Amino acid sequence: MKMIDVNGNIMYNFKSDQIYANTYCFIDDTDALLIDAVQSDELVDFLLERKVKRIEILLTHGHYDHIMEIPNLKRIFDTKVICSCYGKDILKNPRKNLSAMANHINFMREKSEDQTEKVDTISCIEVKCDQTLNNGEIYKWKNLEFEVYYTPGHSKDSVCYMFEKKYLFSGDTLMKQVEPILRFPGGSEQEYICITKPMLRSFSKSVIVFPGHGESFKIMEGVFL
C-alpha cells in the first residue's frame, strides 16, 4: 500500500495480489471511496483496521481484474457499486466481464511474460450495479468531485474520472508507454480513435494519470496518444 497526496487529500494505492492492477482509496471517518476494486487482502485488512462501514466503488470498467474484490467487500461492508451507463449488463455477465475466460487470459499472460509464478484460479463473477453514470456527469463523494468522461475503446463501458482538473483515473484506457488493448469483446479501435483519443489529447499536458495498471505518470508520457 502506498500513500499519495492528491491536491491535499490522502489517497491510498493498493495493488492486486495477482495481476498488479490498482485500487485507489479515499477515507473519511467510517466511509471509503474506491476507484476500482482489485483483489487485495491488504485492502480488506486496511478497511477493517480503519473501521470502515460504508464503501462506494467507482468503476473505470467492468473487466474481472478490476471488480474481483467486490463480492467479498459486499459480504463485509455496506457497499455501493457505481459504473458507466453501459456497464450494468457487463458486470452481471461473466462472459462480458471476462471472468469466464480469465484463467485462459492469465495463462496466455504467463506465457507471453515468461512468468514462473502461477496465478490462482479465478471463478466467474457476477456483480450488481447500484448506480450508473453518464458522460459529463459530476460524481460527488464528501467534498470530492469527479467528472465522468466516457472513453470507449478498451471496453464498451470504459470511463475515466477527472479530479480537480489535475488528476485522471484512467482505468485501462491510458497507461504509461503501453498501447491500449482494444481486442477484447466490446472493445473498438474505431471508437478509441474517434472518441477517446481526441478527448485525451484535449486535456492539459500537466494532468497526472492514475492508471488501472502500473504507476502514475504525466499524461504527456502516454506515448500512444
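The values are calculated or read from the model by the stated rules, or taken from the named source; none is laboratory data. In this text the structure is predicted, and so the values were computed from the model without any measurement. No Cβ is skipped: glycine too gets one built from the backbone with ideal geometry, and neighbour counts run over all protein chains shown. Protein only, heavy atoms only, side chains kept; ligands, DNA and RNA dropped before computing areas. Shrake-Rupley method; radii C 1.70, N 1.55, O 1.52, S 1.80 Å.
Highlighted here are the strands (runs of 3 or more DSSP E) found entirely within region 126-225 that include at least 3 residues which are surrounded by fewer than 19 Cβ atoms within 10 Å (Cβ to Cβ): 138-141, 144-150. Please go through region 39-70 and give me each residue that is touching a residue at least 12 places away in the same chain (Cβ under 8 Å), part of a helix (DSSP H, G or I) and more than 26 Å from Thr151 (Cβ to Cβ), ordered by number. Within region 39-70, Asp41, Glu42, Val44, Phe46, Leu47, Leu48 meet the criteria. Per the listing Lys92, Lys15, the residue uniquely touching an Asp or Glu at 6+ places or on another chain (Cβ under 7 Å) and in contact (Cβ under 8 Å) with a residue 12 or more places away in the chain is Lys92. Scanning region 149-185 for residues that are at pLDDT below 95 and over 27 Å from Val6 (Cβ atoms) yields Arg183, Phe184, Pro185. For Lys96, the test of being open to solvent by 10 Å² or more (accessible area, probe 1.4 Å) and assigned to a helix (DSSP H, G or I) is failed. Residues in region 66-78 that are open to solvent by 10 Å² or more (accessible area, probe 1.4 Å) and either at pLDDT below 95 or among the aliphatic types (A, V, I, L, M) (or both): Met68, Ile76. On inspection, Ile122 fails the criterion of being part of a loop (DSSP other than H, G, I, E, B), within 16 Å of Gly62 (Cβ to Cβ) and out of contact with any Phe, Trp or Tyr (no Cβ under 7 Å at 6 or more places or on another chain).
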